[in-house]
Every structure is written in structure tokens, then in C-alpha cells.
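Here is the structure we will look at, set down as C-alpha cells.
Coordinate-derived values only; no laboratory data. These figures come from a predicted structure and were not determined experimentally. Because the Cβ atoms are built from the backbone with ideal geometry, glycine has one as well, and the counts that use them run over all protein chains shown.
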Amino acid sequence: MALKTAVIYGSVRSAREGIKAARFIINKLEARGHDAVFVDAMERQLPLLDRMYKEFDRGEAPESMEWIASVFREADGFIIVSGEYNHSIPPALKNLLDHFQREYHCKPSGIVTYSAGPFAGLRGLANLRAILGELGTPGIPTVFPVSRVQNAFDDDGHAKDKAYDDRVTGFLDEFEWYSRALRAARQG
């Protein structure tokens with residue numbers, strides 16, 4: 001059975017270069033047979049957190065929140081694509097993540113970080129790993145950092161430097177192992 005993977009992207013800036021990294025990951029997941037669903041903070045426009053999804057009566061949450069909750073409930077794992085803002089993660093990503101809780105439980109997360117410079121968003125990684133662990137979606141050990149994201153992929157998410165095609169293989173192999181193992185444990 002195909003793995004269902006939610007790819008979560010949290011930038012809402014008008015000139016979003018990181019979306020190229022998200023598209024790259026989606027392309028790679030689909031090539032490996034995943035049912036990959038793109039969850040874009042800009043597209044879904046969740047309000048600033050006032051009430052979590054679980055605090056709404058059944059069927060009363062905003063439509064966008066219901067859609068995300070459905071995707072998250074069905075997912076076997078999550079890949080989070082995050083830039084770095086002031087040594088942390090984008091505020092829209094944090095807001096999106098915080099609306100949900102039990103939908104994440106016992107499902108792995110893979111972390112893709114990026115930046116326009118040489119540090120590849122790694123300074124926000126520690127914050128993101130802690131947030132995901134607290135939400136119940138522990139990060140896999142391997143991460144996929146992308147330096148100079150504006151030059152790494154074309155607009156359709158194809159690597160300009162084939163080294164990314166090679167590097168992503170180990171990251172996705174590990175993510176799939178954790179996704180299958182935790183799915184089996186949840187079903188067990």
C-alpha cells in the first residue's frame with residue numbers, strides 16, 4: 001500500500017523560493033509511489049491561532065482547517081519544508097502546525113530546511129525538531145538542507161545540481177522506513 005505523505009510548506013512571502021524545494025520533494029515522493037499531498041500555508045490561510053482544531057465541535061471548524069485535519073489524519077508521515085526566519089521557523093508554518101495535535105501522533109516527520117545563503121536554514125532546525133517532537137511527530141535523524149535555494153531547483157522542482165537527486169535518496173529511504181514502521185505499529 002502506498003505511503004500517504006503530507007508535505008507542509010510554511011512560507012507566505014510573495015517571492016517564495018522555498019516552494020521550489022517543496023516541489024522537488026513532492027516530485028521525488030511521487031516518483032517513489034507516495035500519495036503526496038501539498039499543504040501550503042499561503043493557500044490554506046488559517047487564522048492566527050485562537051482555537052485548535054480539536055476545540056471545535058465536529059463539523060464546525062473552518063473549511064480550510066477541516067481539509068488540513070483530514071489530510072493529516074490520513075497521512076502516514078509528514079515532510080516539513082521550512083526556511084529560517086531569525087534563527088527559527090516562519091511564523092505561518094508555526095501557526096499552521098499549532099492548529100493540530102492528535103492528527104500528528106505516532107507519525108514521523110522529515111525536515112527539509114533551506115535558505116538563500118550558505119547555512120541552508122539549519123539554525124531554525126533545532127526549533128523545528130523540538131516543535132515536531134512536542135506535537136507527537138518525531139523527526140527522523142536525517143535532514144535535507146538546501147543552500148542557496150533560489151539556485152538549487154527550477155520552478156517545477158527539478159534539481160539544477162544533480163547532487164540533490166543523489167542526496168535526497170538516503171533522506172527518503174529513512175523517512176519511508178520510519179513511516180512504514182510506525183504505520184505497522186499503529187495498526188498492530
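Worth a mention:
- Per-pair calculated FRET efficiency, R0 = 35 Å: Lys54 and Ala184 via Cβ, rounded to 0.05: 0.85
- In region 4-187, the DSSP beta bridges split such that about 10 percent are antiparallel, to the nearest 5.
- With contacts taken as Cα pairs under 8 Å at a separation of at least 6 residues, region 78-177 carries a relative contact order of 28 percent.
- Calculated mean residue ellipticity, 222 nm, the chain: -12500 deg cm²/dmol, from DSSP H runs (n ≥ 4) at -39500 (n - 2.57) each, averaged per residue and rounded to 500.
- Projecting the Cα atoms of Gln150, Leu122, Phe24 onto the charge dipole of the chain, computed from C-beta unit charges around the Cα centre, puts Leu122 farthest toward the positive end.
- With 10 Å bins from 0: P(r) over region 15-98, alpha-carbon pairs, percent: 15, 46, 31, 8
- Stretchable slack from Asn151 to Gln45, in nm (0.36 nm times residue separation minus alpha-carbon distance): 35.4 nm
- A crude spin-label estimate for the pair Glu30 and His105, with each label 7 Å from Cα along the Cβ direction, gives 3.3 nm.
- Among 178-186, 159-167, 115-123, 90-98, the order from most to least packed when residues are scored by Cβ within 10 Å on average: 90-98, 115-123, 178-186, 159-167
- For region 4-187, convex hull volume per residue from C-alpha positions, Å³: 110 Å³
- Packing, as the average of other Cβ atoms within 10 Å across residues, places the peptides 7-15, 147-155 in the order 7-15, 147-155, highest first.
- The distance separating the Cα centre of region 1-61 from that of region 136-183 comes to 16 Å.
- Which of Glu176, Glu134 has the fewest Cβ neighbours within 10 Å, and the rest in rising order: Glu134, Glu176
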